[in-house]
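The values are calculated or read from the model by the stated rules, or taken from the named source; none is laboratory data. Quick caveat: nothing in here was measured; it's all calculated off a predicted structure. Cβ coordinates were reconstructed from backbone atoms using ideal geometry, including for glycine residues, and neighbour counts include every protein chain displayed.
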Amino acid sequence: MRSAELARLLGAELHGNPDLDIAGVAGIEEAGPDQITFVANPKYAAQAKTTHAGAILVTPDFPETSATTLRLKNPYLAFAQAVEIFYRAPLWLPGVHPTATIHRSAQIGPNAHIGAYTVVSENVIIGCDAVILPHVVIYPGVRIGDRFFAHAHAVVRENCQLGDDVLLQNGAVVGSDGFGFAKDEAGRWHKIPQSGPAILGNHVEVQTNSCIDRASVGATRIGDGVKVDNLVQVGHGSSVDENTLLCAQVGLAGSTHVGKNVILAGQVGVAGHCTIGDGTIAIAQAGLHGDIPAGSMVAGSPAFEHKQWLRASALFSRLPELVKQLQRRNKREE
């Protein structure tokens, strides 16, 4: 593809060779003369001078380089769009594999691809253009919108509801039992039935081996545009509002409410019955044990304001020295 055509597709301003032939995309260190890369983080700006890439996606005010540049406000998003342009995903043609088991009461919209050993149970409704790959299991009473895509071994449990354009990666489980037990007088644990469904909005992605638990009563709710990374646990009865990111190994205990446009970085843990306000950012491995106001940036465990945490972390390694200084001062005063 000519660089001028790619710039047009991405809505970028072209500086340099409009006839450069671009065959693909790559990272700034690996890219070759027929590939395009990007610079979105200032710490990689120096590498723009040494990269072998034929073209670079940059911001409008980025310094000129020997490489052709495509300039626009969000180079990272443009890079994602460029990957989509050049990547050729497998083509899943409509049809039902002969080993698939589909209950006669199930309703599946047109143009569906149903893979080998898939199970679609009774009273399931799935919209049009679904792609359901091998060994996916859809339990009874599930409702799913259009353009559902489920990779191998994904599971949707009974009576769960999924909106349009939901993507489940391999091993994702929607509607697994919540972790609910009550102890009797003899000290034995009794399972609390998890009767409520998990409800996912539109454009939700749940990645590999993550679990969205069903609720004991009520529902577990995931809002439109939420993205759930690998190995994430969303506890029963929790809710996650629109366009929030739950990064790898995040854990939400039961009845947690997470607002809109929140980012919980890797291994963040949230105690149950907490409310995380809209726009909050929690730094990796933060432990959230209470309500967090909207717009906060927090770190540490227990989590507190990020700037204060940075100052405290800088002092932590000096604590032995500070203690010695204090001890010496106390001796002098004695």
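Step by step: first the residues of region 55-79, then only those that are of a type in the set (Gly, Ala, Ser) and modelled with pLDDT of 95 or more, then the one that is surrounded by the most Cβ atoms within 10 Å (Cβ to Cβ). Which residue is that?
Checked region 55-79; the qualifying residue surrounded by the most Cβ atoms within 10 Å (Cβ to Cβ) is Ala55.
Report, by residue number, each residue of region 5-22 that is assigned to a helix (DSSP H, G or I) and surrounded by fewer than 18 Cβ atoms within 10 Å (Cβ to Cβ). Full working, then the answer.
Within region 5-22, the subset assigned to a helix (DSSP H, G or I) is 5-10.
Those that are assigned to a helix (DSSP H, G or I) and surrounded by fewer than 18 Cβ atoms within 10 Å (Cβ to Cβ): Glu5, Arg8, Leu9.
So, in region 213-249, of the ones that are more than 19 Å from Leu167 (Cα to Cα) and of a type in the set (A, V, I, L, M), which residue ends up farthest from the chain's Cα centre (by Cα)?
Ranking the qualifying residues of region 213-249, first place goes to Val217.
Of everything in region 80-95, what is touching a His at 6+ places or on another chain (Cβ under 8 Å) and surrounded by 16 or more Cβ atoms within 10 Å (Cβ to Cβ)? Give them in sequence order.
The first filter runs over region 80-95 and keeps only residues touching a His at 6+ places or on another chain (Cβ under 8 Å), leaving 92-95.
The one that is touching a His at 6+ places or on another chain (Cβ under 8 Å) and surrounded by 16 or more Cβ atoms within 10 Å (Cβ to Cβ): Trp92.
For region 258-276, state whether one or more residues are surrounded by fewer than 24 Cβ atoms within 10 Å (Cβ to Cβ), assigned by TED's automatic domain parsing to the domain that holds Ile212 and in contact (Cβ under 8 Å) with a residue 60 or more places away in the chain.
Looking only at region 258-276, we keep the residues that are surrounded by fewer than 24 Cβ atoms within 10 Å (Cβ to Cβ), and these are 259-261, 263, 265-267, 269, 271-275.
Those still in the list that are assigned by TED's automatic domain parsing to the domain that holds Ile212 too: 259-261, 263, 265-267, 269, 271-275.
Within this subset, residues satisfying the condition of being in contact (Cβ under 8 Å) with a residue 60 or more places away in the chain are none.
For region 258-276, residues surrounded by fewer than 24 Cβ atoms within 10 Å (Cβ to Cβ), assigned by TED's automatic domain parsing to the domain that holds Ile212 and in contact (Cβ under 8 Å) with a residue 60 or more places away in the chain: absent.
Search region 213-239 for residues being touching a Leu at 6+ places or on another chain (Cβ under 7 Å) and hydrophobic (A, V, I, L, M, F, W, C), and hand back the single one that is surrounded by the fewest Cβ atoms within 10 Å (Cβ to Cβ). Break it down stepwise before answering.
Quick first cut of region 213-239, residues touching a Leu at 6+ places or on another chain (Cβ under 7 Å) only: 222, 227-229, 232-235, 238.
The next check asks that each one be hydrophobic (A, V, I, L, M, F, W, C); those that pass are 222, 228, 232, 234.
Working: Ile222: 29, Val228: 28, Val232: 25, Val234: 31.
Across region 213-239, the extreme among qualifying residues is Val232.
Collect the residues in region 277-300 that are surrounded by fewer than 13 Cβ atoms within 10 Å (Cβ to Cβ) and either in contact (Cβ under 8 Å) with a residue 24 or more places away in the chain or over 29 Å from Gly178 (Cα atoms) (or both), keeping them in residue-number order.
Selection gives Gly295 alone.
Which of the numbered conditions does Ala248 fail, given that it passes all the others? Conditions: (1) hydrophobic (A, V, I, L, M, F, W, C); (2) at pLDDT 90 or above; (3) not assigned by TED's automatic domain parsing to the domain that holds Val174.
Exception for Ala248: condition (3).
Quick grid of which residues meet (1) in contact with a Ser or Thr (Cβ under 9 Å, 6 or more places away or on another chain); (2) in a loop (DSSP other than H, G, I, E, B); (3) among the acidic types (Asp, Glu):
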| position | (1), (2), (3) |
| --- | --- |
| Gly279 | yes, yes, no |
| Ala294 | yes, yes, no |
| Val298 | yes, no, no |
| Gln308 | no, no, no |
| Ala314 | no, no, no |
| Glu321 | no, no, yes |
| Arg328 | no, no, no |
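Write out, first by first residue and then by second, each pair whose Cβ atoms fall under 8 Å of each other, whose residues are 6+ apart or on separate chains, and whose first residue, in region 71-94, is farther than 14 Å from Ala7 by Cα while the second is surrounded by 12 or more Cβ atoms within 10 Å (Cβ to Cβ) and at pLDDT below 95.
Within 8 Å, the pairs are Tyr76/Phe38; Tyr76/Ala40.
Residue check: is Phe316 in the same structural domain as Asp241 (by TED's automatic domain parsing), farther than 19 Å from Asp241 by Cα, of a type outside the set (Gly, Ala, Ser) and out of contact with any Phe, Trp or Tyr (no Cβ under 7 Å at 6 or more places or on another chain)?
In short, no.
So which of Asp146, Asp165, Asp177, Asp184 is free of Cβ contacts under 8 Å to residues at least 12 places away in the same chain and either more than 10 Å from Leu200 (Cβ to Cβ) or outside the structural domain of His103 (by TED's automatic domain parsing) (or both)? Show your work before the answer.
Working: Asp146 fails: free of Cβ contacts under 8 Å to residues at least 12 places away in the same chain; Asp165 fails: free of Cβ contacts under 8 Å to residues at least 12 places away in the same chain; Asp177 fails: free of Cβ contacts under 8 Å to residues at least 12 places away in the same chain.
It is Asp184.
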